[in-house]
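Asker: Okay, handing you the structure first.
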Amino acid sequence: MPADASSPPDPARVVSRWTDAHNHLHDPRLGESAPIIAAMKQAGIDRCIVNATRESDWPQVESLARSHPDFVWPAFGIHPWHAHTASAGWQQQLAILLESHPRASVGECGLDSWVSSPPLAIQAPVFAEHLKLAHLMDRPLTIHCLKAWGALFDALASTPPPRRFLVHSFGGSIETARRLIPLGAFFSFSGHFLHPHKAAQREVFRQLPVDRILLETDAPDMAPPAEFITHPLPDDHHHPANLPAVGHALAEILGMSPRDLAALTRANTQRCFG
């Protein structure tokens, strides 16, 4: 266990209400949503931002938001890994969807040089369209950025972002964060950062302004180390009900009580996405 990470909470003693700022609750790897949501609520999670990653996801995310309006806040977008799948006129369809869901945000979208296909030349114009729409409609935006910080700053210089945006599972340096903060950035911590080799990223979160920190699972991906898995799933998929265990660990990293961190990250999520 990392030296600066706490033990998982006792599932029988839920003392806080948690918010998952980024997951993919519609992902078929999680199975039926009803038992997943029930487990999340039992664990003390009372809100989550569910992010689509491609156009074919949009109906599932919309259905979850309509079925669980107080629990699921939807986000609609095209992930950079799927930028090459964007259909003609997708921007207009996304605008219509956002108009239908006043609480919806834009995402997941962004830039990724960790993958070679699709290349940045295809990702960048799709991301720019997300930026334009979020700015025009004044909707918060969730950004995926991996090994593409220079390209991200170029994009933000060319196309202004909305007033508030989340860089989810933030893996950049504190210097990168300080450049993003004046633009309206928030940053979410995922359980993946509890792995021993991610000590440098935990140090970045210690240095961030606490009013910009959110908490996420990215379920079913980005699972924490085994000792923080309170809700195991087959094939090592990450159950979003593991969030309180990740939250307890982040609270210790930041020198806060779990209750205070839960309240802080809930308020920060409200400021970013409310």
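The values are calculated or read from the model by the stated rules, or taken from the named source; none is laboratory data. Please read all numbers here as calculations on a predicted model, not as lab measurements. Every residue, glycine among them, receives a Cβ derived from its backbone with ideal geometry; neighbour counts consider all protein chains shown.
Asker: Going by the conditions given, is SER117 among the hydroxyl-bearing types (Ser, Thr, Tyr) and buried (at least 17 other Cβ atoms within 10 Å of the Cβ)?
Answerer: The answer is no for SER117.
Asker: Report, by residue number, each residue of region 204-216 that is among the acidic types (Asp, Glu) and within 16 Å of HIS248 (Cα to Cα). Let's see the steps before the verdict.
Answerer: Restricting attention to region 204-216, the residues satisfying the condition of being among the acidic types (Asp, Glu) are 211, 216.
Selection gives GLU216 alone.
Asker: Let me ask something else. Give the residue that is surrounded by the fewest Cβ atoms within 10 Å (Cβ to Cβ), with candidates limited to residues of region 42-64 that are aliphatic (A, V, I, L, M) and touching a residue at least 40 places away in the same chain (Cβ under 8 Å).
Answerer: Among residues in region 42-64 that are aliphatic (A, V, I, L, M) and touching a residue at least 40 places away in the same chain (Cβ under 8 Å), the one surrounded by the fewest Cβ atoms within 10 Å (Cβ to Cβ) is ALA43.
Asker: Considering each of LEU243, LEU254 in turn, give the residue that is over 18 Å from the mean Cα position of the chain (by Cα), within 23 Å of ASP46 (Cβ to Cβ) and in contact (Cβ under 8 Å) with a residue 12 or more places away in the chain.
Answerer: Matching residue, one of LEU243, LEU254: LEU254.
Asker: Looking at region 188-211, I want the residues that are within 23 Å of ALA226 (Cβ to Cβ) and have a partner that is β-branched (Val, Ile, Thr) and at pLDDT 95 or above with Cβ atoms under 6 Å, at least 6 apart or on another chain. Which pairs are those?
Answerer: GLY191/VAL246; ARG202/ILE253
One line per residue, one yes/no per condition, for (1) farther than 21 Å from SER87 by Cβ; (2) in contact (Cβ under 8 Å) with a residue 24 or more places away in the chain; (3) crowded, with 18+ Cβ neighbours inside 10 Å:
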position	(1), (2), (3)
LEU131	no, yes, yes
LEU146	yes, yes, no
HIS168	yes, yes, yes
SER173	yes, yes, no
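Asker: Can you tell me how many residues in region 196-210 are in a loop (DSSP other than H, G, I, E, B) and not hydrophobic (A, V, I, L, M, F, W, C)?
Answerer: Selection size over region 196-210: 1.
Asker: Given the criteria loosely packed, with under 14 Cβ neighbours inside 10 Å, hydroxyl-bearing (Ser, Thr, Tyr) and at pLDDT 95 or above, does SER67 qualify?
Answerer: yes
Asker: I need the full set of residues from region 229-274 which are on the phi < 0 side of the Ramachandran plot, modelled with pLDDT of 95 or more and not in a helix (DSSP H, G or I), in order please.
Answerer: Selection gives ILE229, THR230, HIS231, PRO232, LEU233, HIS237, HIS238, HIS239, MET256, SER257.
Asker: Is region 202-210 home to any residue that is modelled with pLDDT under 95 and surrounded by fewer than 24 Cβ atoms within 10 Å (Cβ to Cβ)? Spell out the reasoning first.
Answerer: Looking only at region 202-210, we keep the residues that are modelled with pLDDT under 95, and these are none.
There is no residue in region 202-210 that is modelled with pLDDT under 95 and surrounded by fewer than 24 Cβ atoms within 10 Å (Cβ to Cβ).
Asker: Which members of region 262-274 meet the condition of being surrounded by fewer than 24 Cβ atoms within 10 Å (Cβ to Cβ) and under 15 Å from ARG206 (Cα atoms)?
Answerer: The one that is surrounded by fewer than 24 Cβ atoms within 10 Å (Cβ to Cβ) and under 15 Å from ARG206 (Cα atoms): LEU264.
Asker: Among the residues of region 211-224, count how many are part of a loop (DSSP other than H, G, I, E, B) and surrounded by 18 or more Cβ atoms within 10 Å (Cβ to Cβ).
Answerer: So the answer is 8.
Asker: Follow-up. Among what's in region 90-108 and is of a type in the set (S, T, N, Q) and under 17 Å from ALA128 (Cα atoms), pick the residue that is surrounded by the most Cβ atoms within 10 Å (Cβ to Cβ).
Answerer: Taking the candidates together, the pick is SER105.
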